Amino acid sequence: MFQDDHEQLNTNRPNAPLDAGCADLKPMRVAAQSTPRKVAGAIAGMVRDSGCAELHAVGADSVNQTAKAVALAKHFLADDNIRVVTDIDFLTVQINGSERNAMRFSVRRVLN
């Protein structure tokens, strides 16, 4: 369903070691009708539990809702002194037999 020929998340950032081991994580698909606050709560829960969250969005409205949710999740997690970084890139998905471009939001906890 999702192609895996994309670049891997760069975890070699200076001064920001990231949680590793998120390869088995199933991505959340965010719809245009998704409520950003609810998605943000799900992101925060996943980051607290596993150190990372991955979201896929297809279409401008879905990308907009995802961006708002990631920003809200950052604030939710900051209340618990958890810092995160987000990488955004493109991937191709199959929907009803046709290829569509999607955006992937990879949210990872920064280890202190």
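Laboratory data are not the source of any read-out in this text; all were calculated from the coordinates shown. This is a predicted model, so every value here is computed, not measured. Neighbour counts run over all protein chains shown; Cβ positions are idealised from the backbone, glycine included.
Here is how the numbers come out for the structure above:
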| read-out | value |
| --- | --- |
| Filter result for PHE105 (in contact with a Gly (Cβ under 9 Å, 6 or more places away or on another chain) and surrounded by 14 or more Cβ atoms within 10 Å (Cβ to Cβ)) | no |
| Counted residues, region 33-46 - those being part of a helix (DSSP H, G or I) and more than 11 Å from the chain's Cα centre (by Cα) | 5 |
| Members of region 62-90 found to be in a strand (DSSP E or B), among the aliphatic types (A, V, I, L, M) and surrounded by fewer than 18 Cβ atoms within 10 Å (Cβ to Cβ), listed by number | VAL85, ILE88 |
| Filter result (over 17 Å from CYS22 (Cα atoms) and in contact (Cβ under 8 Å) with a residue 12 or more places away in the chain) within region 83-98 | PHE90, LEU91, THR92, VAL93, GLN94, ILE95 |
| Unique residue being surrounded by fewer than 15 Cβ atoms within 10 Å (Cβ to Cβ) and not in a loop (DSSP other than H, G, I, E, B) when the list is ASP24, ASP49 | ASP49 |
